[in-house]
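Enquirer: Pasting a structure below so you can have a look.
The values are calculated or read from the model by the stated rules, or taken from the named source; none is laboratory data. Note that the structure is a prediction, hence the values are computed from the model and not measured. Here the Cβ is made from the backbone with ideal geometry for all residues, glycine too, and neighbour counts use every protein chain on show. Keep in mind that these areas ignore ligands, DNA and RNA; they rest on the heavy atoms of the full protein, side chains included. Shrake-Rupley method; radii C 1.70, N 1.55, O 1.52, S 1.80 Å.
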Amino acid sequence: MARAEVVLFDLDGTLVDSAPDLAGAANDLRIARGLAPLPYERLRPMVGTGARGMVGAAFGLAPGDEGFEPLRDAFLARYAERLLQATRVFEHVEPVLAALDGAGLRWGIVTNKAMRYAEPVVRGLALQTRAAALIAGDTTPHAKPHPEPLWEAARRLGVAPERCVYVGDDHRDIVAGRAAGMHTLAAGWGYLGCGEPIHAWGADAVLEEPFALLNWLDLA
């Protein structure tokens, strides 16, 4: 028997590689303002922190700084134009999803991405008919690291939180999962941010590659 009844995934950096489009939107803004584009490797780690992180990495501004909000809004507008230009399901994640489907194990998505961006990405990658739930950053009054989005997913799926496992590539994913009373697995193939190293996040396990999830679930 699998060690969880439901697998919940973060979206960006865990299920899908959206960094090329998010980093591309940030560099589009730099170019439009007469600045040289930044190396992809410099922007990729910050993708998991959304518009705040991308504006910070591209322009050195944080919320509350003068000029941050117009740049954030311009970034989101540019990103909306290129949601699926290069975004794909991670190559080695797709066979894992197929294995979960084949085993009859339900899986869903819990992301901090606003629904107006998350839903078109999920639909455009043909995941909407497979995912048992999609909880976005604005589905509940709180976003991760608050546990409420994860609790909402569990409620919608009719399963106790302790029978769920949450897989994510950011420290706040693990914080949220633990606060929700779920098993937590850190996705070592993801963006990971620039904070504490992944092994210090306190996850139940670190998955170095996607197939390791099947091992953890006793499905391989």
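Enquirer: Output yes when any residue across the range 96-116 is open to solvent by less than 30 Å² (accessible area, probe 1.4 Å), more than 30 Å from Phe211 (Cα to Cα) and within 19 Å of the chain's Cα centre (by Cα), and no when none is.
Expert: So far as the range 96-116 goes, no, none of its residues is open to solvent by less than 30 Å² (accessible area, probe 1.4 Å), more than 30 Å from Phe211 (Cα to Cα) and within 19 Å of the chain's Cα centre (by Cα).
Enquirer: Oh, and also: Considering only the range 125-220, give the helices (runs of 4 or more DSSP H) lying wholly within it that have at least 1 residues that are open to solvent by less than 30 Å² (accessible area, probe 1.4 Å) and over 22 Å from Val47 (Cα atoms).
Expert: Counting at least 1 such residues, we get 148-157, 212-216.
Enquirer: Of the residues that make up the range 72-92, is at least one touching a strand residue (DSSP E or B) at 6+ places or on another chain (Cβ under 6 Å), closer than 24 Å to Ala153 by Cβ, open to solvent by 10 Å² or more (accessible area, probe 1.4 Å) and not charged (D, E, K, R)?
Expert: yes
Enquirer: What residue, of Leu83, Leu71, is modelled with pLDDT of 95 or more, assigned to a loop (DSSP other than H, G, I, E, B), touching a helix residue (DSSP H, G or I) at 6+ places or on another chain (Cβ under 9 Å) and not polar (S, T, N, Q)?
Expert: Residue meeting the stated conditions: Leu83.
Enquirer: Related question: Filter the range 10-28 down to residues that are more than 20 Å from Ala74 (Cβ to Cβ) and outside any loop (DSSP other than H, G, I, E, B) and give me whichever is least open to solvent (accessible area, probe 1.4 Å).
Expert: Looking at the filtered set, the residue picked out is Val16.
Enquirer: Given the criteria touching a helix residue (DSSP H, G or I) at 6+ places or on another chain (Cβ under 8 Å) and farther than 22 Å from Lys144 by Cβ, does Pro37 qualify?
Expert: Spelling it out, Pro37 is indeed touching a helix residue (DSSP H, G or I) at 6+ places or on another chain (Cβ under 8 Å) and farther than 22 Å from Lys144 by Cβ.
Enquirer: Might you let me know whether the range 37-55 holds any residue that is surrounded by fewer than 17 Cβ atoms within 10 Å (Cβ to Cβ), in a helix (DSSP H, G or I) and of a type in the set (A, V, I, L, M, F, W, C)?
Expert: No, the range 37-55 contains no residue that is surrounded by fewer than 17 Cβ atoms within 10 Å (Cβ to Cβ), in a helix (DSSP H, G or I) and of a type in the set (A, V, I, L, M, F, W, C).
Enquirer: Further question: Going through Leu150, Leu125, Leu100 one at a time, which residue ends up being touching a residue at least 40 places away in the same chain (Cβ under 8 Å), out of contact with any helix residue (DSSP H, G or I) (no Cβ under 9 Å at 6 or more places or on another chain) and on the phi < 0 side of the Ramachandran plot?
Expert: None of the other options fit; the residue is Leu125.
Enquirer: Just one of the numbered conditions (1) touching a residue at least 24 places away in the same chain (Cβ under 8 Å); (2) more than 24 Å from Ala58 (Cβ to Cβ) is not true of Phe75; which one?
Expert: Result: Phe75 passes all but (2).
Enquirer: Do any residues in the range 48-59 that are in contact (Cβ under 8 Å) with a residue 40 or more places away in the chain and over 13 Å from Leu35 (Cβ atoms) have Cβ atoms under 7 Å from those of residues that are outside any helix (DSSP H, G or I) and of a type in the set (Asp, Glu), where the two are at least six apart or on different chains, and which pairs are they?
Expert: Pairs found: Gly48/Asp12; Gly48/Asp169; Gly48/Asp170.
Enquirer: Looking at Asp73, Asp101, which is the one that is charged (D, E, K, R) and in contact with a Phe, Trp or Tyr (Cβ under 9 Å, 6 or more places away or on another chain)?
Expert: Asp101
Enquirer: For residues in the range 8-43 being among the acidic types (Asp, Glu) and touching a residue at least 60 places away in the same chain (Cβ under 8 Å), which is nearest to Ala131 (Cα to Cα)?
Expert: Asp10
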